[in-house]
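For reference, the structure is listed below as structure tokens.
Please treat every number below as a calculation from the coordinates, not as lab data. Keep in mind that this is a model prediction, so the values were computed, not measured. In this analysis, Cβ positions are derived from the backbone assuming ideal geometry, glycine residues included, and neighbour counts consider all displayed protein chains.
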């Protein structure tokens with residue numbers, strides 16, 4: 001029995017390190033605001049490391065896109081850009097707060113503090129730049145939609161058209177980029193604007209629920225038998241530098 005227990009612990013330590021080690025990403029502070037144009041190759045982003053969204057929930061998908069993201073911040077806002085090497089791409093959502101997760105979609109879930117006791121935000125954006133943006137008191141409980149007036153203050157750029165009604169079958173790389181002012185977040189969540197040493201909790205995802213090749217990908221590991229992004233207990237760390 002002792003030998004079996006030891007063997008199991010060795011297996012956990014050496015064979016499954018990704019499930020034991022917390023995901024951490026360093027968020028770089030920039031000295032001036034970014035031009036939001038969905039350009040992954042622009043000079044400022046070239047100086048910032050990318051995180052990879054390469055874990056999956058549910059069964060391993062037949063189509064497994066390559067997904068990267070980068071984050072930065074200044075005194076007024078946080079910046080996010082995604083780059084997706086994708087296929088079977090679709091975007092049918094017509095307006096903000098529609099079910100964009102059904103489309104080819106990237107998502108940023110975050111709690112602007114070092115826990116999620118006061119809730120978290122979920123910003124879900126399809127490849128055409130249409131977003132669903134809520135604040136959740138608890139997972140799927142006490143959900144508040146970010147107002148249209150506040151969404152209009154978020155600068156967004158995307159490389160594909162707003163709608164892709166006929167699924168793109170061929171391999172295609174697409175990007176989305178956005179700037180979220182901290183002044184918007186403070187309307188829905190009591191927070192202190194980040195500075196060097198601040199830690200937020202977060203996870204980033206890629207999904208495509210209603211495409212011909214659905215998948216549910218995640219940055220920080222999530223231990224759950226079925227796809228579910230609303231599990232803040234599995235959020236990784238964003239460390240502001």
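Mind checking which of 211, 141, 175 has the largest fluctuation in a GNM of the chain, springs on alpha carbons under 10 Å?
Highest fluctuation among the options: 141.
Quick one: what Rg and Dmax do you get for the chain from the alpha carbons, in Å?
18.0, 62
At what distance in nm do the modelled label points of residue 223 and residue 85 sit from each other, each positioned 7 Å from its Cα along Cα→Cβ?
Rounded to a tenth, the inter-label distance reads 3.2 nm.
Suppose each label sits 7 Å from its Cα in the direction of the beta carbon; what would the residue 62-residue 149 distance come out to in nanometres?
The answer from the label model is 4.8 nm.
How far apart, in nm, are the 7 Å Cα→Cβ label points at residue 24 and residue 169?
In this crude spin-label approximation the distance works out to 4.7 nm.
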